[in-house]
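The values are calculated or read from the model by the stated rules, or taken from the named source; none is laboratory data. Everything numeric in this text was worked out from a predicted model, so none of it was measured. Here Cβ is always computed from backbone atoms with ideal geometry, including for glycine, and neighbour counts include all displayed protein chains. SASA here: full protein model, heavy atoms, side chains in, ligands and nucleic acids out. Shrake-Rupley method; radii C 1.70, N 1.55, O 1.52, S 1.80 Å.
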Amino acid sequence: MRIVLLGAPGAGKGTQAKRLAETFDMLHLSSGDIHRAEKASGSTLGKTLARYMDAGQLVPDDVVVDVMAKAISDPKASRGLLLDGFPRTEPQAQALDAQLAELGAPLDKVAVIDVSAEAVVERICGRRSCPKCGAIYHLKFLKPAVEGVCDKCGYKGQFVQRADDTEAVVRQRLEAYRAQTAPLIDYYKKTSPDKVMVFDGNKAPDDVTRDMVAVLNKA
Ligand code: AMP
């Protein structure tokens, strides 16, 4: 199965993507994670990416398409592919369609997680992660069992906030979503109307997973 996951920053794409990729045995490609890894490597490309990412802006299409085309050509994608955070603009969607057509492996579904802007700001600004294993927590909604200790790896200390999870940057990222990514829902409704599925992302994460798994099981 090949799926594109669409939704505003903070809609819960990352959480749902990990669960769905495991349930349906798909290669999970998070464009945000791939870009952050490149940025952290300190390469010339990474330095270019940082300029856009730290300002909450989208990275230019030609750069993103290149980075993601390489990731998508991974042979592991032949068993199934879950794209999380890519495409984010219409030119990126067209480039993806062209690459998948060439591979003879078109998309099966476009899953949209719909969530309100206010919920997004509260969710993202409270998000923290374990610097050792990457486990994700929330100051209000998802605290570790013991304060300051990671449930997953036992790390003790400060959890960290992503550089682009501050309120000013979140509002910028939401604006980028509204202006550039939300129109993709219409793009897919026009080009592949029977593939688009919309889920209520204001529900609790486990309920969203249940809704998605139920629908995808029938796909
Ligand atoms: P994310 O974790 O998905 O919110 O991505 C973090 C940042 O990486 C975004 O704010 C963008 O700067 C960059 N990025 C990730 N995916 C894309 C994409 N498909 N197009 C443009 N920029 C992207």
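Taking 4.7 Å between beta carbons as the limit, the unpaired Cys residues of the chain are C125.
Computed 3J(HN,Hα) for the stretch 102-110, one whole-Hz value per residue from the Karplus formula 6.51 cos²θ - 1.76 cosθ + 1.60 where θ = phi - 60°, is 5, 7, x, 9, x, 5, 9, 9, 10, glycine and proline marked x.
Overall, the accessible surface of the chain at a probe of 1.4 angstrom is composed of carbon and sulfur to the extent of 53 percent. If both residues of a DSSP beta bridge must be in the chain, then about 25% of such bridges are antiparallel. Inter-label distance, A182 to K156: 4.7 nm, where each label sits 7 Å from its Cα along the C-beta direction.
Distance between the C-alpha centres of the stretch 20-60 and the stretch 134-149: 24 Å, rounded to the whole angstrom.
The value obtained for the chain, namely the Cα convex hull volume divided by the number of residues, is 125 Å³ per residue. Working note: 222 nm ellipticity from helices only, DSSP H runs with n ≥ 4, each -39,500 (n - 2.57), summed and divided by the residues of the chain, gives -13500 deg cm²/dmol to the nearest 500. Extending each Cα 7 Å along its Cβ direction at A40 and E22, get the distance between those two points in nm, one decimal. That separation, rounded to one decimal, is 2.0 nm.
With each label modelled as a point 7 angstrom along the Cα→C-beta vector, the C133-D114 pair spans 3.6 nm. The long axis of helix 167-176 is offset from the longest Cα principal axis of the chain by roughly 10 degrees.
Per residue, the stretch 2-68 exposes an accessible area of 43 Å² to a 1.4 Å probe, with every protein chain left in place. In this structure the amide hydrogen of R2, modeled in the peptide plane, comes within under 5 Å of the amide hydrogens of L81, D108, K109, none closer than 5 places in sequence on its chain.
Taking the longest Cα principal axis of the chain as reference, the axis of helix 13-23 is set at about 70 degrees. Entry comment: accessible area of the stretch 97-219 is 59 Å² per residue, from protein heavy atoms only and a probe of 1.4 Å.
When only the Cβ of Lys, Arg, Asp and Glu is charged (+1, +1, -1, -1), the dipole of the chain relative to its Cα centre reaches about 560 debye.
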